[in-house]
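Everything below concerns the one structure shown next.
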Amino acid sequence: MEKLNQPYALYERIKKSIVQDIESGRLNPGEKVPSETQLAKTFSASRMTANRALKELAEESRLIRVQGVGTFVATPKPEASLLEIKSIAREIKEWGGIHSCEILLLKQEGVSREIALKMDLVEEGPVFHSILLHKDRGVGVQYSERYINPAVAPLYLDQDFTQITPSDYLLELAPIQEAEHIIEAIRVNKTLQRYLRIAPEDPCLSLTRRTWSFDQVATYSKIISPGLRYKLKGKFSRK
């Protein structure tokens, strides 16, 4: 990293140096950039000045800051298919990442009144409930909570979802007749901030989805992803 002699404000000099390193290929997408402490030492600046430079580059989508991990050169924001239902493992692979999954919950429980109404199930009857954290290179990119109709997928709880995603399993077992999507921009609680390694002020995308198979509601899901690392894209054409 070069120290620049132009008469910019010091934080602007730091920003310009990082941008030059990115554009010249000295820093590649996904690579870690020097820390605030390293930048402060290199440019004889305060950590506050270095923090401002990194913060502004993150706001400009040049960098991605992951709490407790570091700051990285941003890659083009991956696009998740909105109209096509595809497994997150395949999406992560397509954008060049490495998928892994942490199982936070996988059990049968009595269905609540709210979920029973959404899924046309009998209140307090059985429903399968899973919560999975999907990661790219160890960093959470999707928090996925699903309720599954046992009549559609009776062996759902027996699957190893570290090896196969629920989407892949369910699409093979019960082809979708119909799907409903609701998308919102939200802020999440401290637990999800920790799972997704985001700051309290960082926005997230929430996708609520219902699917139908065999003329009945098969799943009701809420899928949450960091807005800074993820975007949804849909395309529809009538032929």
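All of the numbers you see were taken from the coordinates with simple rules; none came from a lab. None of these values were measured; they are calculated from a predicted model. Cβ coordinates were reconstructed from backbone atoms using ideal geometry, including for glycine residues, and neighbour counts include every protein chain displayed.
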Q: Mind counting lysine pairs for me in segment 25-179? Cα separation below 30 Å, and the two need to be 8 or more apart along the chain or on different chains.
A: 21
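If the only charges are +1 at each Lys and Arg Cβ and -1 at each Asp and Glu Cβ, what is the size of the charge dipole of segment 56-187 around the Cα centre, to the nearest 20 debye?
Details: 13 positive and 22 negative charges, 95 e Å.
Roughly 460 debye for segment 56-187.
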Q: Answer with a single label: of [x] 21.6, 71; [y] 23.2, 91; [z] 17.4, 56, which was calculated as Rg and Dmax of the Cα atoms in Å from the structure in view?
A: [x]
Q: Would you work out which of Ser17, Ser46, Pro29 lies farthest towards the positive end of the dipole of segment 10-73, given +1 charges on the beta-carbon of Lys and Arg and -1 on that of Asp and Glu, about the Cα centre?
A: Ser46
**Q.** Residue of Ser144, Ser221, Ser17 that the Gaussian network model of the chain assigns the largest fluctuation, springs spanning Cα pairs under 10 Å
**A.** Ser17
Q) Short version: ³J(HN,Hα) in whole Hz for each residue of segment 113-122, in order, from phi by Karplus 6.51 cos²θ - 1.76 cosθ + 1.60 (θ = phi - 60°), x for Gly and Pro, what are they? A) 4, 4, 6, 4, 5, 6, 10, 6, 10, 7
**Q.** Simple Cβ-charge dipole of the chain, Lys/Arg +1 and Asp/Glu -1, about Cα centre, in debye nearest 20
**A.** 1120 debye
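With a ≥ b ≥ c taken as the square roots of the eigenvalues of the C-alpha gyration tensor of segment 130-239, please select rounded if a/c is under 1.5 and otherwise prolate if a/b is larger than b/c or oblate if it is not? If you can, show how the numbers build up before the last one.
Values: a/c = 2.09, a/b = 1.40, b/c = 1.49.
Oblate, because a/c is 1.5 or more while a/b does not exceed b/c.
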Q. For segment 176-185, in order, what is each residue's ³J(HN,Hα) by Karplus, 6.51 cos²θ - 1.76 cosθ + 1.60 with θ = phi - 60°, in whole Hz (x at glycine and Pro)?
A. 7, 8, 7, 9, 10, 10, 10, 10, 9, 9
Q: Give the residue from Tyr220, Ile64, Tyr156 lying farthest towards the positive end of the charge dipole for the chain; charges sit on Cβ (+1 for Lys and Arg, -1 for Asp and Glu) and the dipole is referred to the Cα centre.
A: Ile64
Q) Which of the GluC sites (Glu not before Pro) across segment 113-176 are loop residues per DSSP, with 14 or fewer other Cβ within 10 Å? A) Glu123, Glu124
Q) For the peptides 174-182, 93-101, what is the packing order when you average, over each peptide's residues, the other Cβ atoms within 10 Å and list the highest mean first? A) 93-101, 174-182
Q: Determine the distance separating the Cα centre of segment 106-180 from the Cα centre of segment 189-205; give it in Å without decimals.
A: 22 Å
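So what's the net charge close to Thr219: Lys and Arg +1, Asp and Glu -1, counting the other residues with Cβ under 13 Å from its Cβ? Kindly include the intermediate steps, with their values, before the conclusion.
Numbers: positive: Lys118, Arg146, Arg209, Arg210, Lys222; negative: Asp120, Glu145, Glu178, Glu180.
Every neighbour counted, the sum reads +1.
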